[in-house]
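Each remark here refers to the structure printed beneath this line.
The values are calculated or read from the model by the stated rules, or taken from the named source; none is laboratory data. Predicted, not measured: the structure shown is a model, and the values here were computed from it. Cβ placement follows ideal geometry from the backbone for every residue including glycine, while neighbour counts extend to all protein chains displayed. Side chains are part of the model used for accessible areas, which takes the heavy atoms of the whole protein and leaves out ligands, DNA and RNA. Shrake-Rupley method; radii C 1.70, N 1.55, O 1.52, S 1.80 Å.
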Amino acid sequence: MPIDILQTGKLHASCEAALAERYTVHKLHEATDRDAFLAEVAPRIRAHAGSGVGADLIAKLPRLEIIAGFGVGTDSIDLAAAKAAGVRVTNTPDVLNDAVAELTIGMMISLARRIPQGDRFVRDGKWLKGNMGLFSELTGKTVGILGLGRIGKEIATRAQAMKMRVVYHGRNRQENQPYIYYDKLVEMARDVDWLVLIAPGGKSTDRIVSREVLEALGPQGMLVNMARGTLVDEPALVDLLVNGGLGGAALDVFEKEPQVPEALFTLDNVVLAPHQGSATHQTRDAMGATLVANLDAHFAGNPLISPVV
Ligand code: NAP
Ligand code: 8YV
């Protein structure tokens, strides 16, 4: 019996190819009349492939058994609605740790040494008129990691290779970790040179990096957001960057991405990336393979590879 699955957005090519080999895939995002399309296929849909699933969609799919998310973050899936409907949810953890940690260090060096600004400086012919200036380095600085989880630990290892001191904040002290633990984020922000965000999005972390936390980080402090835009009070962040209340920011994620506050575009103490943490061929292939492996396990009656719900 063919198994009907629903996609509501484009997925990585190797993932789509593997899904098409195994399942009957219905692509809502390619339909011209989406309501009519959904009404026709909904009674047959047993799985959703990809993230971004709200309670409304779950309610329209009476035979839905599993949502296989693409990504480790599940903040775009209504987990409570899935649980209430008896729908399993999976994500793609671990396979992206290295890619995200690598980009984090890349963003940090880019900001400390103004690498994108230097590139523009050369291209704009400004070097012909004089040198660019001196900036800071990571060596000898303290980095506070908000979220010492799977990715946070990889960032910590790499930060140590940059001769940085590592401390962390989370809801729990991790006894087997060698780094100093802060139970108050604001206190950690006061003590560090760099604050790196890599905790999940969602209600429990909404604007956890408040104006008070950003002010504690201070005029020399650097913020790096690799987590979700929702973790930060973005208007306060922009205000402090514009007014010199914060030293700088390297941002891969934004509250309303792909919309980015335009005030950031003119600032030299900011490095921006378009949510590229896991965006390498090898990592996206591995994420796609994990998504498919979860679906295959579910429909074979085997334990899920990476269950969330
Ligand atoms: P993880 O292993 O679950 O680690 C999350 C960490 O955050 C844990 O150490 C947890 O510690 C901490 N945490 C959770 N809720 C918290 C709260 N309310 N307050 C303070 N700390 C909290 O997750 P991961 O696999 O490392 O991924 C982390 C996040 O990175 C994802 O959820 C996603 O949003 C983001 N991400 C972004 C990209 C990108 O492209 N930029 C790529 C991948 C992932 P406690 O339980 O002790 O609090
Ligand atoms: C992806 C991510 O960019 O895994 C996550 O939580 O944010 C990133 O890996 C995203 O999930 C896929 O678009």
Looking only at 157, 142, 92, which one moves most when the chain is put into a Gaussian network model with springs between Cα atoms under 10 Å? 157
Charge-dipole axis of the range 76-178 as Lys and Arg at +1 and Asp and Glu at -1 on Cβ define it, positive-most pick from 170, 101, 136: 136
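State the extension gain, in nm to one decimal, for the chain segment bounded by residue 204 and residue 10, taking 0.36 nm per residue of separation less the distance between their alpha-carbons.
Length gained, residue 204 through residue 10: 67.0 nm.
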For the chain, what is the accessible area per residue in Å², given a 1.4 Å probe and the full set of protein chains? 50
Hey, what's the per residue convex hull volume over the C-alpha atoms of the range 1-157, in cubic angstrom? 170
Hey, what D do you get for the chain in µm²/s if you plug the Kirkwood alpha-carbon radius into Stokes-Einstein at 10 °C and 1.306 mPa s? 76
Taking +1 at the Cβ of each Lys and Arg and -1 at the Cβ of each Asp and Glu, which of 216, 229, 192 sits farthest along the dipole of the range 97-272 towards its positive end, judged by Cα position relative to the Cα centre? 192
Take the solvent-accessible surface of the protein heavy atoms, probe 1.4 Å, and return the percent of it on the range 97-272 that carbon and sulfur atoms account for. 49
Among 267-279, 66-78, how do they line up from the highest to the lowest mean number of other beta-carbon atoms within 10 Å? 66-78, 267-279
Calculated from DSSP helices alone, with each H run of at least 4 adding -39500 (n - 2.57) and the total divided by the residues of the chain, [θ]222 nm to the nearest 500 comes to -10500 deg cm²/dmol
State the extension gain, in nm to one decimal, for the chain segment bounded by residue 20 and residue 162, taking 0.36 nm per residue of separation less the distance between their alpha-carbons. 46.8 nm
So for the chain: antiparallel DSSP bridges make up what percent, rounded to the nearest 5? 0
At residue 262 and residue 128, where each label point lies 7 Å from the Cα along Cα→Cβ, what is the point-to-point distance in nanometres? 3.1
Report relative contact order for the range 194-245 in percent, whole number only (criteria: Cα-Cα under 8 Å, sequence separation at least 6). 50
Inter-part distance where the range 13-71 and the range 253-283 are each reduced to a Cα centre, Å: 28
Rounded to whole Å, give me the distance from the Cα center of the range 115-183 to that of the range 87-112. 14
What dipole magnitude, in Debye to the nearest 20, does the chain give about its Cα centre under +1 on Lys/Arg Cβ and -1 on Asp/Glu Cβ? 440
Run down the lysines and flag those whose C-alpha is under 29 Å from the C-alpha of residue 153, throwing out any fewer than 8 positions away in its chain. 141, 163, 184, 203, 256
